[in-house]
1. Could you work out the relative contact order of chain B, using alpha carbon pairs under 8 angstrom and six or more residues apart, expressed as a whole percent?
2. Can you tell me the dipole magnitude for chain B around its Cα centre, using point charges on the Cβ only (Lys, Arg +1; Asp, Glu -1), in Debye to the nearest 20?
3. What residue among A:A127, A:V57, A:A79 has its Cα farthest toward the positive end of the dipole of region A:3-143, where the charges are +1 on Lys, Arg and -1 on Asp, Glu, each on the Cβ?
4. Across peptide A:79-90, what mean number of C-beta atoms from other chains lies inside 10 Å of a residue's C-beta?
5. Distance between Cα centroids, region A:17-56 to region A:112-145: provide it in whole Å.
6. Angle check, please: helix B:22-32 long axis (alpha carbons) against the longest principal axis of chain B (alpha carbons), in degrees 0 to 90, nearest 10.
7. Figure the gain on full extension for B:T131 and B:T42 (residue separation times 0.36 nm, minus the Cα-Cα span) and round it to one decimal in nm.
8. With a point put 7 Å past each Cα toward its Cβ, work out how far A:N32 is from A:H86 in nm, to one decimal.
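Read-outs throughout are calculated quantities, based only on the coordinates presented, and are distinct from any laboratory measurement. Source: prediction; values computed, not measured. Every residue, glycine among them, receives a Cβ derived from its backbone with ideal geometry; neighbour counts consider all protein chains shown.
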Amino acid sequence: MSQEEAGSVRTSAAEIARFFRRYGWSFERLENDTFRTGFRGKNAAFVALVRVMKHWVVFTVNPLLKAPEHGFGLATLRALAVANQHANLAKLGIDDDGDAFINVELPAEGFEFCHFVAALGALAHFADTLVVPLLQAQIVDERGL
Amino acid sequence: MRQGVATGIFAPCYPRRVGPAADDIAEYFDSYGWGYVRAEPTVYRTAFTGETGRYDVWLKVTDTWVFFCINPFVRKPTGEPHGVGTLQAVLRANHEVNLAKFAVDDEGDLLLSVELPAEGFCYTHFCDALTALSHYADGYRPRIDAAIAADQAEVV
């Protein structure tokens, strides 16, 4: 089998549903390609969406942090940008509404259960770990410290 | 809705599959047609020249991850950390790009990286990662340079 053939199988929404059941997390299927689940960490509870696209499988918590009226300040922006270096597999950013999100994107080709586990694990771990320092940074910005 | 419980990022994978050996990466580079230097047994360096400049790419293989990184992608301005406009540009870019992400490193420089699980890593993923890095490095450099210039103008 060639290298291309080995990675040519794309995951489907039906497979994601099977992965959820195997992982032991409940879910709702919002659309044909979109699932909603939730988890509770040590610091907060989160709602996560999983979307299967042609090329990518995307796991998202959005909003991770709602934007204040005039947008995030320097301390919060810096905390988000620096966190990206340390959050393996996960990515933090700002969406079109100005809210902070965290997501994990993996190629749909060759997507297996172990990737599902790694993605949900990374999302849950870093969402819960980072939400506290991000809220602290937001307070620093609000108080002009 | 019943909620799950965070289990950490190193939950077991069944059946366990071995990720790429560092030697496999050399074959991937050969197939992709890019030159490389094997700086350490598990670390490779390659480079490409795009429309916006020449970029060094580092690739590191661990038991768990395969990291691709351009670091520094853009150095911080002399004596100053990146400003609000630059950080906003970088974080908004993270909403638009697939697979890759921009970040600020411990020195305050901007980096661009792709991280993939070692398990199940194959040549297709290698191609996706290098394509994403080269595409986004070139595509976002003008916007980020403009944001840095705007931040600098505000400082002055």
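1. 23
2. Numbers: 13 positive and 21 negative charges, 73 e Å.
Dipole about the Cα centre, nearest 20: 360 debye.
3. Final value for the positive-end residue is A:A127.
4. Mean partner-chain Cβ count within 10 Å for A:79-90: 6.
5. 17
6. With both axes taken from Cα atoms, the answer is about 70 degrees.
7. Gain on extension, B:T131 to B:T42, equals 30.0 nm.
8. 4.3
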